[in-house]
Structure formats: C-alpha cells, structure tokens
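The values are calculated or read from the model by the stated rules, or taken from the named source; none is laboratory data. Just so you know, these numbers come straight off a predicted model, no measurement behind them. Cβ coordinates were reconstructed from backbone atoms using ideal geometry, including for glycine residues, and neighbour counts include every protein chain displayed. With ligands, DNA and RNA removed, areas are computed over all heavy atoms of the protein, side chains included. Shrake-Rupley method; radii C 1.70, N 1.55, O 1.52, S 1.80 Å.
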Amino acid sequence: LVVPEQGVFCVADGMGGGAEGAKASDIVCRELKMTMHVAEDEFASRVAAAQNALADANYAIYTYADERGFAQMGSTAAILVLDPSDRTRAAVVHVGDSRVYRVRHGLAECLTRDHRVLGSNTLTRAVGATATVRCDVREVDVRSGDRFVLCSDGVSGVMSDARLAVFASGGSIETAAERLAAEVVKAGAPDNYSFVLVQT
C-alpha cells in the first residue's frame, strides 16, 4: 500500500498458501487504507489508527479462516507512518518478518525485529493467525535525504543490510527501485518478493 498524500506505506506478505495468503495481505492493506483515510491529522492519532487497522484486519482474517476451516491464514505487516506536521519523525508499526529499514548516508539500519522462531521460517506473530494480534510500534527520527525500505522476507532473505543500502541509496528513487529489484532476482529470489522504497 502506497498513499504518499497520507504519509502511509505498507508491505503485507500473506501466509497460508496461494489464494488464502493473497486474501490475507489484501485485507491488511484494505483495512489500513480505509482507517488512515478517516484518521485525524495528529501524529499520535495516526499511529493509533494504524494499530487499530491491524486489529480490524486480524479479526477479519481470523473470522474468514475460521468460517472456511482454513488451518493457517495470516499476513505480515510492515507499516511506515510519517508525521504530517513534523518532517523529522515517523513511526514504524510491524507484525511478522517483513521489515522496515532506514537508509542514511549509505548505511541501512533495520528498524524492526522479526517475529519468528530463531533459525526457522515459522512466524510467532502474524495478522489473523490468532484471535488477537500484538504489534510492535517504534517512533524513529527522520532526516532530509533518508530513504526507507519496507520489504518482505523475499528481499531481506537474499540481501545483506550492506548490499540493500548500496542498491537503495543511489540515484533517483525510481532508478534505485529498479536496481534493487534486479539485484534481488540476480541473488536467486527463492521466494516472492515485495518492497516499497520511500524518499523523505
């Protein structure tokens, strides 16, 4: 989900296989878009709205899966919310193993912590996987020229932080996105990959 005029960006990576995973990630993005559209302009309210959107998405996915007898259905969520009144701060709201990086002066810093069992791909948290969801929320500082990379594990799984920074930081935002996508494919891309590149 990319809504620059609202300062909200999201990567949601569905789990549960094919159609169910796609449905789960679509629900996350849909709920977030609807909730942020009517959220108040005050920063704290917008961050709270993003959390509420994940709670609503969690209920919708969990109910949908339960009614149809799906054993596993859910989605990750990596959300960036920019402060509309203060360009020096933003918030990261996150569930699962999709990540948010801040790229500054050619260095990438991961702003999220994966919610998965160490050494495996098993998620410990996902939107819709259980009756309730707990998300991590972190306020971060923003400087002019910073770039943020929101990505699924299809990107972070094949790109080191250093290589991600190299390909995400050079040239225009469009050129950087093309170079990053090409490098992910070149690295093997064993999983589907999604990313959003944000210029501040």
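Computed over the chain, relative contact order equals 21 percent, with contacts defined as Cα pairs under 8 Å that lie 6+ residues apart. The convex hull defined by the C-alpha atoms of the chain has an orientation-averaged projected area of 10.5 nm².
Projecting the Cα atoms of THR35, VAL3, THR175 onto the dipole axis of the chain, where Lys and Arg carry +1 and Asp and Glu carry -1 at the beta carbon, places THR175 farthest toward the positive end. Per residue, the accessible area of the chain comes to 48 Å², computed with a 1.4 Å probe over protein heavy atoms only. Springs between Cα atoms under 10 Å define the GNM used for the chain, and in it the highest mean-square fluctuation of ALA182, ALA90, ALA22 occurs at ALA182. Once a ≥ b ≥ c are taken as the square roots of the eigenvalues of the Cα gyration tensor of segment 1-58, is the result rounded (a/c under 1.5), prolate (a/b larger than b/c) or oblate (a/b not larger than b/c)? The shape class here is prolate. Assuming charge only on the beta carbon of Lys and Arg (+1) and of Asp and Glu (-1), the dipole of the chain about its Cα centre is about 400 debye to the nearest 20.
On full extension of the chain, what length is gained from ASN52 through SER172, given 0.36 nm per residue of separation minus the C-alpha to C-alpha distance?
39.8 nm
Take 162-173, 146-157 and order them by the average number of nearby Cβ atoms within 10 Å per residue, most first; the result is 146-157, 162-173.
Rounded to the nearest percent, how much of the accessible area of the chain (1.4 Å probe, protein heavy atoms only) is carbon and sulfur?
50
The calculated FRET efficiency for SER45 paired with ASN121, based on their beta-carbon distance and R0 = 22 Å, is about 0.05. Computed over the chain with a Gaussian network model linking Cα atoms closer than 10 Å, the most mobile of VAL11, VAL38, VAL47 is VAL38. The dipole here belongs to segment 1-100: it is taken about the Cα centre, uses +1 on the Cβ of Lys and Arg and -1 on the Cβ of Asp and Glu, and is about 180 debye.
Cα centroids of segment 83-139 and segment 1-67: 14 Å apart.
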